[in-house]
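The values are calculated or read from the model by the stated rules, or taken from the named source; none is laboratory data. Bear in mind that the values here come from a model prediction, so they are computed numbers and not experimental data. Don't worry about glycine lacking a Cβ; one is built from the backbone with ideal geometry, like all the others, and counts go over all protein chains shown.
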Amino acid sequence: MRARPRGAAVLLAGLCMVAGPAACGQAGGAREPSGPASGGEVKIGVLLPDNTSRLYHFDKPLIEKKIHQLCPECTVETVSAEHDVATQQQQMDAMITKRVRVLILDAVDSKSLRAPVESARAAGIPVVAYDRLVEGPVSSYVSFNGEQVGRLQGEALLRALGDNARGAQIVMMNGASTDPNSAWFEQGALAVLKGRVKIGKAYETAGWRPENANLNMSAAISALGADHIDGVYSANDGLAAGIISALRAAKVDPLPPITGQDAELSAIQSIVKGDQYMTVYKPFKPEADTAAAMAVALGRGKKLDGITTHTVNSPTTRGIPAVLLTPVAVTVHNIRNTVVKDGMYTIDQICTPKFASACRAAGLTG
């Protein structure tokens, strides 16, 4: 996926114009052919891939809250596909039948949802691709810069390896091949790691499932030997949990540095404990606010030219107006100034009795 930057000054002015002063400072927007006329109830459908990840627990309430702030007359229906492609296809069809004005879609499978996206366009319903770029004629896209995510992970892994990086052997645990973000993350990581370390094994992890990462890691340990794995590039926190479990089962101690992404609470605690080296924090509120502003404007039949900051290409569509936000690397040294400062977690939530001594050692508690 290639992204082309556009003018940031226009971005802020445009979003304030479309979404009102409350959205100033956030990114958002899209281009869309003539849509329904403004006025009356605006029905917005939000389709999420699961009800277990941060997307459901953090992004969902933020999206819904921002939509209602920007559009008191809007109604929102949010559904979860529970990781099932067929379920999400049916949910898309149902939303189209209900004649919602606009859809916010985080696709379970970017390729398999192409047909419903095409059906939505044929029905005059714009689709905002959220967090993951789905194939088909989407109207706009908001996510984090995936290449930068991979770069942050790769750079952190090199820092953790230190002087031993040259000649070190790592395992790469990439995400699902059905998710275009996976290739984007991998591309960024390889730009940093290739030629600096030896990649002993690399895997695609079906469904982004921790249990599949566990199986892959067990295979890597058998192939390379537990003592010959100096670090692990893990594309996200769920995979990192499966990796750690496999290394523990192989009685690897101490654990090699392991990366992650999404700043899940269990991952933050794992970082405090020293099992995971880092995660990538993607401030969810700007992403959720951007999607809400896009959806409200498109639902009211407004164009968002001049608001988006980039354009991206999918395998089916070129020049999709997009907003690519900036991710942040989190290690034990900046937990307080990132996820705690932003209100994602409190110290009490992180430092439960199980992690009390680790939190003291990390300087999070007295």
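A few notes on this one:
- Count of residues meeting criterion [closer than 20 Å to LEU55 by Cβ and among the aliphatic types (A, V, I, L, M)] in region 260-280: 5
- Top-ranked residue in region 272-314 [being of a type in the set (S, T, N, Q) and more than 16 Å from LEU70 (Cβ to Cβ); ranked as surrounded by the fewest Cβ atoms within 10 Å (Cβ to Cβ)]: ASN313
- Subset of region 73-90 that is among the aliphatic types (A, V, I, L, M) and surrounded by 17 or more Cβ atoms within 10 Å (Cβ to Cβ) - its residue that is farthest from ASP179 (Cα to Cα): VAL76
- Considering region 325-338, and only residues there that are under 17 Å from the mean Cα position of the chain (by Cα) and either more than 25 Å from GLU155 (Cα to Cα) or hydroxyl-bearing (Ser, Thr, Tyr) (or both), the residue that is surrounded by the most Cβ atoms within 10 Å (Cβ to Cβ) turns out to be THR338.
- Of all residues in region 349-366, those satisfying the criterion of being part of a helix (DSSP H, G or I) and closer than 15 Å to THR331 by Cα are ILE350, ALA358, CYS359, ALA361, ALA362.
- As a summary of the residue check, ALA160 satisfies the conditions (1) over 22 Å from VAL134 (Cα atoms); (2) surrounded by 22 or more Cβ atoms within 10 Å (Cβ to Cβ) except for the one numbered (2).
- Residue pairs meeting the criteria (Cβ under 7 Å; at least 6 apart or on separate chains; first under 18 Å from ALA241 (Cβ atoms), in region 161-177; second part of a loop (DSSP other than H, G, I, E, B) and among the β-branched types (Val, Ile, Thr)): VAL171/ILE229; MET173/THR205; ASN174/THR205; GLY175/THR205; ALA176/THR205
- Residue within region 222-230 that is of a type outside the set (Asp, Glu), modelled with pLDDT of 95 or more and within 30 Å of TYR56 (Cα to Cα) present: no
- From the options ALA322, ALA267, residue that is more than 21 Å from VAL142 (Cβ to Cβ) and under 17 Å from the mean Cα position of the chain (by Cα): ALA267
- Some residue of region 274-282 being among the hydroxyl-bearing types (Ser, Thr, Tyr) and under 18 Å from TRP184 (Cβ atoms): yes
- Test: residue in region 237-254 that is at pLDDT below 95, surrounded by fewer than 22 Cβ atoms within 10 Å (Cβ to Cβ) and not small (Gly, Ala, Ser): no
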